[in-house]
Amino acid sequence: MNRLGKETSPYLLQHQHNPVDWYPWGEEAFQKARKDNKPIFLSVGYAACHWCHVMERESFEDPETAMLMNEHFVNIKVDREERPDLDAIYMNAVVATTGQGGWPMSVFLTPQGVPFFGGTYFPPVPRYNIPSFPGLLNSIAQAWSQDPENISQRAEQLKVALGQSINLNKSMEISPALAEQSAAKLAQSYDWQDGGWGQAPKFPQPMVIEFLLQRAAFGDKLALEMATHALDAMTRGGMLDLVGGGFSRYSIDDHWRIPHFEKMLYDNAQLARAYLHAFLLTRNEPYRLVTEATLDFLLSEMRDTEGGFYSSLDADSQGVEGKYYRWTAKELITAGKPNEWQLISRAFALDSSPNFEDHWILQRAASDAELTAEFGQPESEVRTILAGFLERLQKTREKRVRPATDDKVLLAWNGLALAAFAEAGRYLGDRRYLQAAQQCAEFLSTQMLVEGRLYRSWRMGKTVQPAFLEDHASFGLGLLALYQADHNERWFSLAHIIVDDILAHFRAEDFGFYDTGDFHEALLIRPKDLQDNATPCGNSMAAELLLTLAALTGLGEYHDLATQMIQHLGSLLGRHPLAFGKWLYALGLLLHPMKEVAVILPDEGQSSEQLLNVLRSTWLPNAVLAVAPFPPGPAAPALVIDRPPLGANPTAYVCQQMVCEMPVVKASDLAAQLGLEIKN
């Protein structure tokens, strides 16, 4: 009946058999609304959204509710992951009128697309102090026919409000005090009992953790303590799937025990990278294990055969939230060998009551070291016992009905995954991860770059929607991470082209960039998001991309533009650090100027591995690496130009703002110039 059957989005396809006469976003729907003088009901969600499924079952599959919707409204369905521009505009309207937002998002618009009323989930009957959805539909329809002037006024007020921008301090100077204030604010609000920030629902905050790890790399002990405490809290289970790997979206309690079960690519990519950086700074082995388990989960469950990564796994299985991840007492006892059960039970607190609806969501109650001390068994034996138990549970889980997979490939989220796999391949020396990054970059640069234009989404061979700012910036950062891992000039060259496209098509008149390019459709407003959310915003990623590319190319205008962007955010960073985590990381790149390392390879001579191993020995957040033969190729970064090797030796140049120290050929000398200690 409806028009969603030809769409590519799994979320829209979920609704193709609803009795609601759904339209995809487009001119056809707006023409219908104008012709019939009907308001528009806009429903925005995504495939892994639990409450989206609930509202579908309760309302959109209900014939009587659908009849109301079809009689009085033109109904439009939008996948927020395909259209972040629409999601941002109308979510701002919902937040402006209700004080909060979320998904499913339910917004009523004029036939011109101007919002006049909105909310999130509406139940089929009045509940939770929320009006029923059928009642709301009748009220809106009645107001539209009987009081159009009031609706027109509300719409105009909202349109004006949406056009207003954040009041920014344009004269804010970049200083260490701004980062200090942000770190202090984070420390004041940190939950030292359970880890993380805020109360339930509790989100993992990987961007803030990365900012703290960046500060830790320069000696901030409190920042390191905060970051590692937060990472430790999430590894105990609940949020982290101890059986199959990967992190859920957030915890519904304060203690990280019970997750909201959907698994998103962007969370896992960002968290894998945060744990990797923590491992490189601390050499704490559990962090490496979490990194690998998370990346292995992405490889096994969220990877397309062509090399891209899928968007998400649903929270529900067979219509039940978390069914795929919960365990009965019988299943747990069957998976544990009798002579090992006491240790297993202690490890996962299985002698207590079930923690989720008469089932268990596994979480660690005792560490390997604590179990070794308590049971007198070697730590290696403890690990073997627990690994065997988890493997047997995984085999049991594989017989279950899996949650649905949203198998569209999103460019921005794949850029985050590309960076995580590239860095894991570089620092951990695992060829699987480097190859996964290379295959991902190959896929994105061929399948999602069509006739010189990047696209936002790909599924089953079809691309839809020209890429937004966040897509360009995230892909550019991923490419530069890969270039520094495998030194293929192709990736550097493509990242440079992407930056030039951003400057040509997204530039804003005042500062920074719009989220949409000049080639996108004109909307109610041209969105320009400055706040980091579950994913970094396009502008904060663009600032980091510009600073990184400036260090590799010596192009000062890139550095100046990023500096101007951060200056405009000013004191907002210090007052609201949780909302500007990626911006704070970019600020750190300004406060600690980049070390620019060039390694030049002679045609013949010794291996460069000893020099490169220095740069793999730890994480240097404010360093870039360029590696090239001599003479370098035509697409090589400026960092390697006119820097010959010393004889037949691979040679390293350490520079800062394009001023270089004496070239060196010994690993120990390179380490000294970078302020590192080489441990034999």
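Below is a table of values for the structure above.
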| read-out | value |
| --- | --- |
| Selection within the stretch 296-355 - hydroxyl-bearing (Ser, Thr, Tyr) and under 22 Å from the mean Cα position of the chain (by Cα) | SER300, THR305, TYR310, SER311, SER312 |
| Only one of ALA579, ALA652 that is modelled with pLDDT of 95 or more, aliphatic (A, V, I, L, M) and in the same structural domain as PHE218 (by TED's automatic domain parsing) | ALA579 |
| Some residue of the stretch 66-79 being modelled with pLDDT of 95 or more, of a type in the set (D, E, K, R), over 28 Å from PRO126 (Cβ atoms) and not in a helix (DSSP H, G or I) | yes |
| Answer from LEU676, LEU625, LEU620, LEU587 - the residue that is within 29 Å of ASN284 (Cβ to Cβ) and in a helix (DSSP H, G or I) | LEU587 |
| Candidate set: the stretch 525-551, residues that are touching a strand residue (DSSP E or B) at 6+ places or on another chain (Cβ under 8 Å) and part of a loop (DSSP other than H, G, I, E, B); chosen: the one surrounded by the fewest Cβ atoms within 10 Å (Cβ to Cβ) | ALA534 |
| Selection within the stretch 644-673 - in contact (Cβ under 8 Å) with a residue 12 or more places away in the chain, in a loop (DSSP other than H, G, I, E, B) and among the aliphatic types (A, V, I, L, M) | ALA648, MET658, VAL665 |
| Verdict on TYR585 being assigned by TED's automatic domain parsing to the domain that holds SER474, of a type in the set (Ser, Thr, Tyr) and within 16 Å of CYS537 (Cβ to Cβ) | yes |
| Filtered residue count, the stretch 484-509, keeping only those that are in contact with a Lys or Arg (Cβ under 9 Å, 6 or more places away or on another chain) and in contact (Cβ under 8 Å) with a residue 24 or more places away in the chain | 4 |
| Residues within the stretch 378-429 that are of a type in the set (Lys, Arg) and in contact (Cβ under 8 Å) with a residue 40 or more places away in the chain, tallied | 6 |
| Among the candidates ASP368, ASP351, ASP406, residue that is at pLDDT 95 or above, touching a helix residue (DSSP H, G or I) at 6+ places or on another chain (Cβ under 9 Å) and of a type in the set (Asp, Glu) | ASP406 |
| Residue within the stretch 322-331 that is of a type in the set (Ser, Thr, Tyr), in contact with a helix residue (DSSP H, G or I) (Cβ under 9 Å, 6 or more places away or on another chain) and farther than 18 Å from LEU289 by Cβ present | yes |
| Single match in GLN435, GLN465 (criterion: in the same structural domain as TYR266 (by TED's automatic domain parsing) and closer than 26 Å to PRO24 by Cβ) | GLN465 |
| Residue under evaluation LEU578, criteria (1) part of a helix (DSSP H, G or I); (2) buried (at least 20 other Cβ atoms within 10 Å of the Cβ); (3) in contact with a strand residue (DSSP E or B) (Cβ under 7 Å, 6 or more places away or on another chain), criterion not met | (2) |
| Close pairs (6 angstrom Cβ cut-off, 6 or more residues apart or separate chains): closer than 17 Å to LEU545 by Cβ in the stretch 559-583, among the acidic types (Asp, Glu) and surrounded by 22 or more Cβ atoms within 10 Å (Cβ to Cβ) anywhere | PHE580/ASP532; GLY581/ASP532; LYS582/ASP532 |
| The stretch 459-491: number of residues that are crowded, with 24+ Cβ neighbours inside 10 Å and either aromatic (Phe, Trp, Tyr) or not in a helix (DSSP H, G or I) (or both) | 5 |
| Residue list for the stretch 291-319, filter: touching a helix residue (DSSP H, G or I) at 6+ places or on another chain (Cβ under 7 Å), part of a loop (DSSP other than H, G, I, E, B) and of a type outside the set (S, T, N, Q) | MET302, GLU306, GLY307, GLY308, TYR310, ALA315 |
| Given (1) crowded, with 19+ Cβ neighbours inside 10 Å; (2) more than 32 Å from the chain's Cα centre (by Cα), index of the condition ASN37 fails | (1) |
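Let's see how each residue does on (1) outside any loop (DSSP other than H, G, I, E, B); (2) crowded, with 16+ Cβ neighbours inside 10 Å:
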| site | (1), (2) |
| --- | --- |
| ALA161 | yes, no |
| LEU178 | yes, yes |
| GLN181 | yes, yes |
| ALA184 | yes, no |
| ASP194 | no, yes |
| ILE209 | yes, yes |
| ALA230 | yes, yes |
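Here's the yes/no breakdown for (1) buried (at least 24 other Cβ atoms within 10 Å of the Cβ); (2) under 19 Å from the mean Cα position of the chain (by Cα); (3) modelled with pLDDT of 95 or more; (4) within 14 Å of MET234 (Cα to Cα):
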{"residue": "TYR250", "(1), (2), (3), (4)": "no, yes, yes, yes"}
{"residue": "ASN268", "(1), (2), (3), (4)": "yes, yes, yes, yes"}
{"residue": "TYR275", "(1), (2), (3), (4)": "yes, yes, yes, yes"}
{"residue": "ALA278", "(1), (2), (3), (4)": "yes, yes, yes, yes"}
{"residue": "THR282", "(1), (2), (3), (4)": "no, no, yes, no"}
{"residue": "THR294", "(1), (2), (3), (4)": "yes, yes, yes, yes"}
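The values are calculated or read from the model by the stated rules, or taken from the named source; none is laboratory data. Source: prediction; values computed, not measured. Cβ sites come from the backbone with ideal geometry, for glycine too, and all protein chains shown count toward neighbours.
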